Amino acid sequence: MENKTNGSVDTKNLLENGELPDPADWAVADVVDYFKAAGFEEQAAAFKDQEIDGKSLLLMTRNDVLTGLSIKLGPALKIYEYHVKPLQTQHLKNSVS
C-alpha cells in the first residue's frame, strides 16, 4: 500500500498484487477506511470508537470482534471470518517468509 503524507496507508484498494494488504502499520483511520471500503460503513465507526489500529486488529480474537465492538452479530461474524482472520493469516505468512 502506498503511504500518504499524513503517515497513514492508502487502503482504497483492498487487494494489493492479488493479496490482502498487511495492516501492521495502519493507523486507526486506515482500519476504518478498510472496513468502509469493504462495505461495513456503519460498523467501521466501532473500530474508530475503540481506537483499533493495524497492530490491534492483528491481535483481535473472534470474541473481541463479536462482543468487544458492540456491533450486531451478523456483521461481526462476517468482519471476523472474511476480513480480520484472513488479514491475520496473511500477516503471519508475510512474517515467516
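The values are calculated or read from the model by the stated rules, or taken from the named source; none is laboratory data. As the structure is a prediction and not an experimental result, all values here were calculated from the model. Every residue, glycine among them, receives a Cβ derived from its backbone with ideal geometry; neighbour counts consider all protein chains shown. Areas reflect the complete protein model, heavy atoms only, side chains present, ligands, DNA and RNA absent. Shrake-Rupley method; radii C 1.70, N 1.55, O 1.52, S 1.80 Å.
Overview of values
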item	result
In the stretch 25-77, the residues that are assigned to a helix (DSSP H, G or I), hydrophobic (A, V, I, L, M, F, W, C), open to solvent by 20 Å² or more (accessible area, probe 1.4 Å) and under 18 Å from HIS91 (Cα atoms)	VAL28, LEU58, LEU59
Close pairs (6 angstrom Cβ cut-off, 6 or more residues apart or separate chains): free of Cβ contacts under 8 Å to residues at least 24 places away in the same chain in the stretch 32-47, assigned to a helix (DSSP H, G or I) and open to solvent by 30 Å² or more (accessible area, probe 1.4 Å) anywhere	VAL32/LYS48; ALA44/LYS36
Scope the stretch 28-43; condition farther than 17 Å from LEU58 by Cβ and out of contact with any His (no Cβ under 9 Å at 6 or more places or on another chain); matching residues	LYS36, ALA37, GLY39, GLU41, GLU42, GLN43
Residue among GLY54, GLY68 that alone is within 14 Å of the chain's Cα centre (by Cα) and not polar (S, T, N, Q)	GLY54
